[in-house]
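Novice: Could you have a look at this structure, given as structure tokens, before my questions?
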Amino acid sequence: MSMMVLSGGTGTPKLLWGLKELLAPDELTVVVNTAEDVWVSGGLVCPDIDTVLYLFSDRLDTSRWWGVRNDTFSTADALRGLGMEEPLRIGDIDRATHLARAKMLGEGLTLTQATLELCHAMGVQERVLPMCDEPVSTMLETSEGRMHFQQFWVVRKGEPDVLSVSHEGLEGAHLTREVGEALRENEWVVIGPSNPITSIRPILGVGGMRRYLSRKRVLAISPIIGGRAVSGPAEKLMRACGLEPSSLGVSQLYEDFLDLFIIDHRDDVHPSQFAVDTVRADTLMSSKHKSISLATRVLELMEEVG
Ligand code: GDP
């Protein structure tokens, strides 16, 4: 069964960990959030794309869900020694990806072309596509002023109060030819359990995406378990966007196109309270085995819907 998956950099990659064991590579197209991308020391860090690339090339550090397993930090340490400490802790192998991407963009490739080149170089056969080619940045209005999401989360450890969230550059972003083709080719779109505000909302905001999705079969998985986000600032940011920080709040963001919603057994809310068809499952992917179980359930549900 082929599908398109919308992904951020932690919750959905955990689902992809399972799906990649069950599907052929050409059955998986992943459209990835780029609104957390940031330039560091001449390299373009695309945190969510990098995680998906490392996952598919079997190099991801799955204890942190970012970076390459057993990477070293010699360059980061040397830069610090020169008084040029970076805002993100970047491994040496990881940095090579960022520099290669920057070089390709400098030579005139689009981010989509550069990502497909990186897939090829890393032996990734699944199709990994950025949500768009234009730069987009998630910006927060906080109690400490306006800042990029990475500044809020990595440097300020998610501490400031958040008043509002916007995605700079998103109004001018277009669906790429490659994402358009993937939308035409796949009947099913899966929205993994990623942060609805920082990871999924930017993808949905790329011109025409919501309209396309309303013509597709869409299954989404809630990133909220037992009323709390498993990791990351989803609750704080949902509140800042006027959404209840719960599975119900997540479903409201997807309501206009969603066909099936999966919530966790531990969520204290009955499926009948949702405006869309909702089923329960164990969605906590704390091991590869559990990722495969949830991915299996996703495929079963798709077959049942037909
Ligand atoms: P980011 O780009 O690193 O912020 O990652 P994502 O947006 O892809 O994922 C962050 C979201 O994943 C958080 O809101 C978590 O609640 C959710 N998440 C992480 N692990 C799990 C899991 O095992 N199960 C579920 N249901 N959600 C998860």
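The values are calculated or read from the model by the stated rules, or taken from the named source; none is laboratory data. This is a predicted model, so every value here is computed, not measured. When we count neighbours, we look across all protein chains shown, and the Cβ atoms used for this are built from the backbone with ideal geometry, even at glycine. Please note that ligands, DNA and RNA were not included when accessible areas were found on the heavy atoms of the full protein model with its side chains. Shrake-Rupley method; radii C 1.70, N 1.55, O 1.52, S 1.80 Å.
Novice: Starting from the amide H of SER164, placed 1.01 Å from N in the peptide plane, find each other amide H under 5 Å away whose residue is 5 or more places distant or on another chain.
Specialist: It is GLU141, by chain and number.
Novice: Give me the 1.4 Å probe accessible area per residue for the chain, excluding ligands and nucleic acids, in Å². Could the numbers behind the result be given before it?
Specialist: Working: 12880 Å² over 306 residues.
I get 42 Å² per residue for the chain.
Novice: Leaving out ligands, DNA and RNA, what percent of the accessible area of the stretch 125-185 is carbon and sulfur, probe 1.4 Å?
Specialist: Working: 1460 of 3070 Å².
For the stretch 125-185, the apolar C and S fraction of the accessible surface comes to 48 percent.
Novice: Right, next: Show me the trypsin sites (Lys or Arg not before Pro) within the stretch 206-276 that DSSP assigns to loop and that have at most 11 other Cβ atoms within 10 Å of their Cβ. All intermediate terms of the calculation are to be shown ahead of the outcome.
Specialist: On the way: sites: ARG210, ARG211, ARG215, LYS216, ARG217, ARG228, LYS236, ARG239, ARG266; in loops: ARG215, LYS216, ARG266.
Taking the stretch 206-276 and a limit of 11 other Cβ atoms within 10 Å, the loop trypsin sites (Lys or Arg not before Pro) found are ARG215.
Novice: I've got another one for you. Which helices of the chain meet both criteria: a Cα extent of 20 Å or more along the helical axis and a mean Kyte-Doolittle score no lower than -0.5, with helices taken as whole DSSP H segments? Don't jump to the answer; show the numbers that get you there.
Specialist: Values: long enough: 92-106 (21 Å, -0.32); 288-305 (26 Å, -0.02).
Once both thresholds are applied, what remains is 92-106, 288-305.
Novice: What number comes out for the charge environment of SER194, summing +1 per Lys or Arg and -1 per Asp or Glu over other residues with Cβ under 13 Å away?
Specialist: Summing Lys and Arg as +1 and Asp and Glu as -1 gives 0.
Novice: Right, here's the next one. Tell me what the chain gives for mean residue ellipticity at 222 nm when only DSSP H runs of n ≥ 4 count, each as -39,500 (n - 2.57), the sum divided by the residue total, rounded to 500 deg cm²/dmol.
Specialist: -10500 deg cm²/dmol
Novice: Where both residues lie in the stretch 165-306, what percent of DSSP beta bridges are antiparallel, nearest 5?
Specialist: Details: 2 of 14 bridges.
In the stretch 165-306, DSSP labels about 15 percent of beta bridges as antiparallel.
Novice: Hey, rough spin-label estimate for LEU99 and LYS288, points 7 angstrom out along Cα→Cβ, what's it come to in nanometres?
Specialist: 3.1
Novice: Could you please state, rounded to a whole Å, how far the C-alpha centre of the stretch 126-153 is from the C-alpha centre of the stretch 87-108?
Specialist: The distance from the Cα centre of the stretch 126-153 to that of the stretch 87-108 comes to 17 Å.
Novice: If you don't mind, there's one more thing I want to ask. What is the calculated FRET efficiency for GLU300 to LEU109, with r their C-beta to C-beta distance and R₀ = 30 Å, to the nearest 0.05? Could the numbers behind the result be given before it?
Specialist: Numbers: r = 40 Å, r/R0 = 1.32.
With R0 = 30 Å, the Cβ-Cβ based efficiency is 0.15.
Novice: Given a Förster distance of 51 angstrom, what is the FRET efficiency for LEU79 paired with VAL279, based on the Cβ-Cβ distance and rounded to 0.05? Kindly include the intermediate steps, with their values, before the conclusion.
Specialist: Working: r = 49 Å, r/R0 = 0.96.
That gives a FRET efficiency of 0.55.
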